[in-house]
1. Collect the residues in the stretch 76-123 that are among the polar types (S, T, N, Q) and in a loop (DSSP other than H, G, I, E, B), keeping them in residue-number order.
2. Can you tell me which residue within the stretch 71-91, out of those that are at pLDDT 95 or above and among the charged types (D, E, K, R), is surrounded by the most Cβ atoms within 10 Å (Cβ to Cβ)?
3. Counting only residues that are under 16 Å from the mean Cα position of the chain (by Cα) and touching a residue at least 12 places away in the same chain (Cβ under 8 Å), how many does the stretch 124-139 have?
4. Return the total of residues in the stretch 60-115 being more than 13 Å from the chain's Cα centre (by Cα) and β-branched (Val, Ile, Thr).
5. Scan the stretch 19-34 for residues that are part of a helix (DSSP H, G or I) and not aromatic (Phe, Trp, Tyr) and report the count.
6. If I filter the stretch 92-113 for residues that are of a type in the set (Val, Ile, Thr) and touching a residue at least 12 places away in the same chain (Cβ under 8 Å), do I get at least one hit?
Amino acid sequence: MARTTRGSVTDKAKVLAACPPFAMPAIERALGPHVDITFVNTLVLARELMRTTENLAMVICGVHFDESRMYDLLDYARRDFPHVPFLCVRILQSEIPQISLRALAIAAESLGAIGMIDFAAMAVEKGQAAAEQNLRTAVLARLERGTARGIAS
C-alpha cells in the first residue's frame, strides 16, 4: 500500500515513510504540512518507490516496518541511494529493554542511518504533541542541512 500526502506547495521535500499503518497518523501529524510524504508498508513497494521517485529527500523507516525489515531497507538504501538520508524511528510503545533500544540505535547508525528517534518513549514521557514536535524538528533540520550527517534523538 502506498499513500501520498500532499500540501498546496509543490516544492516540498519528498519523504518516503516506510512504516506500518498504525504509525502513519503520527507521522502525518508531525510532518504532513511541511513535506510531501509517501507512505509505504512493504519492502517491495519501498524499494520500487525509491527507484522511481525523483528528488527523494529522505527515508523515514519505522522499527516495525514490514515485519521488522527496517535493516533490510536501510541496507538497500545505503547500497543504492547513499546520498538519501535514512532516519529510523520507533513509533510503537512496547516492552523493550533499554539496552536493546540502544543496540537498535547503534546498529542503525553503524549501517548508515543518520539517527534513531524513539518517538514512543518521548510520547510516554512528554506527550504525543512533544514527540511529534521532536520528530518534526529533527526531520526539518536535517532537510535544511542538506548532506550534513547526524540527528540526535
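1. Initial filter on the stretch 76-123 (among the polar types (S, T, N, Q)): 93-94, 98, 100, 110.
Matches in the stretch 76-123: GLN93, SER94.
2. Here the answer is ASP72.
3. Applying the first criterion (under 16 Å from the mean Cα position of the chain (by Cα)) to the stretch 124-139 yields 131-139.
Narrowing further to those that are touching a residue at least 12 places away in the same chain (Cβ under 8 Å): 131-136, 138-139.
Residues meeting the conditions: 8.
4. Going through the stretch 60-115 one residue at a time, the tally reaches 3.
5. From the stretch 19-34, those part of a helix (DSSP H, G or I) are 21-31; that's our starting set.
Imposing the further condition that a residue be not aromatic (Phe, Trp, Tyr) reduces the set to 21, 23-31.
Selection size over the stretch 19-34: 10.
6. Filtering the stretch 92-113 for residues of a type in the set (Val, Ile, Thr) gives 96, 99, 106.
Filter once more, so that each one left must be touching a residue at least 12 places away in the same chain (Cβ under 8 Å): none.
No: zero hits.
The values are calculated or read from the model by the stated rules, or taken from the named source; none is laboratory data. Predicted model only: the values in this text are computed from it and were never measured. With ideal geometry, Cβ positions are generated from the backbone for all residues, glycine too; neighbour counts draw on all protein chains shown.
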